[in-house]
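Worksheet: one structure, shown below.
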Amino acid sequence: MGSIKRFFHQLTRPSKAALGLILFLGFIGGLLFWGAFNTGMEATNTEAFCSGCHAPIVAEIQETVHFSNRSGVRAICSDCHVPHNWTDKIIRKVQASKELFAFAIGTLDTQEKFEARRGYLAGREWKRMKENNSQECRNCHEFEFMDFSEQAPMSAQQHSISLAEGKQTCIDCHKGIAHKLPDMKNLPYWQ
C-alpha cells in the first residue's frame, strides 16, 4: 500500500525533468500536428485533388485564358475558389467538406447530375465572390494596376467606371470567364 501512495504522490508532484519532458513532447506534437494539417490543406488545393471529383469542370478551364495565355501565368482551381488569407481559407475548407460529402453520396457523381445542378452551384459561387468583393480575382487583378490603354475601349470604359464608383466587383461582369455558363433562365438564386 505504501508503494502505491508513493507512486500517486510522485504523480501529483512531478519533477522538473518530467515537466520539461511533457512540455517538449507537447511542443513536438504541436509541430507534427501543424505540419500534417498544413500538408493536408495544401494537398486539397491542388488541381489533381479537384479533378478527382470535378474532372470535366477542370477540363473547361483548359480552354480559357486562365490556363494558357501570352504571359505564361496559369490559374488553378484553388486560385479562384479558395481564399488566400488563412481565416477565410479555413472557413471555405469547412464549407467545402459539404461538397466532398455530396460527391461521396452520389449527388454529383455524373456529368448529367452536375449539369442539372450547375446553375445552383454557379449561383452560390457567384454570390460568395460578390460578397467578398471578388477577392480571389483581386489576388492577381487589381484596377489600380491595370493599363487601360492596353484594353479594348469597352473594357477600359467599364473598368474605369467600376474603379471610380466602386459598386461593381469582378464577378458582376465576368461570369463564365473560366467555366461554361449554366442555363441562365429561371435562376433567381443570384438575381
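Only the coordinates and a few stated rules stand behind these numbers; no lab work does. From a predicted model like this one, the values you see are computed outputs, not experimental measurements. Virtual Cβ from ideal backbone geometry, glycine too; neighbours counted across all protein chains shown.
Step by step: find N for the stretch 50-190, compute 2.2 N^0.38 Å, then divide the Cα radius of gyration by it. What's the final number?
Working: Rg = 16.2 Å, N = 141, 2.2 N^0.38 = 14.4 Å.
Taking the Cα Rg and dividing by 2.2 N^0.38 Å, one obtains 1.12.
With the cut-off at 20 Å, report for the stretch 95-163 the share of all Cα pairs above it, as a whole percent.
Counting pairs separated by more than 20 Å, the tail of P(r) holds 52 percent.
Which cysteines does the chain leave without a neighbouring Cys Cβ under 4.7 Å?
Within the chain, the cysteines lacking a partner Cβ under 4.7 Å are 53, 80, 140, 173.
Please state the charge dipole magnitude for the chain, taken about the Cα centre, from unit charges on C-beta atoms (+1 on K and R, -1 on D and E), reported in debye and rounded to the nearest 20.
Using Cβ point charges on Lys, Arg, Asp and Glu, the chain gives about 1280 debye.
Using a Förster distance of 41 angstrom, determine the FRET efficiency expected from the C-beta separation of residue 158 and residue 101, and round it to 0.05.
After rounding, the FRET efficiency stands at 0.55.
In a GNM of the chain with a 10 Å cut-off on Cα contacts, which of 25, 121, 100 has the highest mean-square fluctuation?
25
Using +1 at the C-beta of Lys and Arg and -1 at the C-beta of Asp and Glu, which of 91, 134, 56 has the Cα lying farthest in the positive direction of the dipole of the stretch 50-190?
Going by the charge dipole, the pick is 91.
Quick one: which of 89-96, 44-51 comes out on top by average Cβ neighbours within 10 Å, and what's the full order, highest first?
Numbers: 89-96: 12.8, 44-51: 14.8.
Ranked by mean Cβ neighbours within 10 Å, highest first: 44-51, 89-96.
Is any helix in the chain, taking whole DSSP H runs, at least 24 angstrom long along its axis by alpha carbon and on average at least 1.0 on the Kyte-Doolittle scale, and which ones?
Counting only whole DSSP H runs, the qualifying helices are 16-43.
Which lysines, if any, have their Cα less than 28 Å from the Cα of residue 185, not counting same-chain residues under 8 positions apart?
Residue 185 reaches 98, 113, 127, 130, 167, 175.
Straight-line reach from residue 5: which lysines fall under 24 Å, measuring Cα to Cα and dropping same-chain residues less than 8 apart?
16
Projected area of the stretch 1-43, taken from the Cα convex hull and averaged over every viewing direction, in nm²?
3.9
Among 110-117, 170-177, how do they line up from the highest to the lowest mean number of other beta-carbon atoms within 10 Å? Let's see the in-between values first.
Details: 110-117: 12.6, 170-177: 15.9.
Top of the packing list down: 170-177, 110-117.
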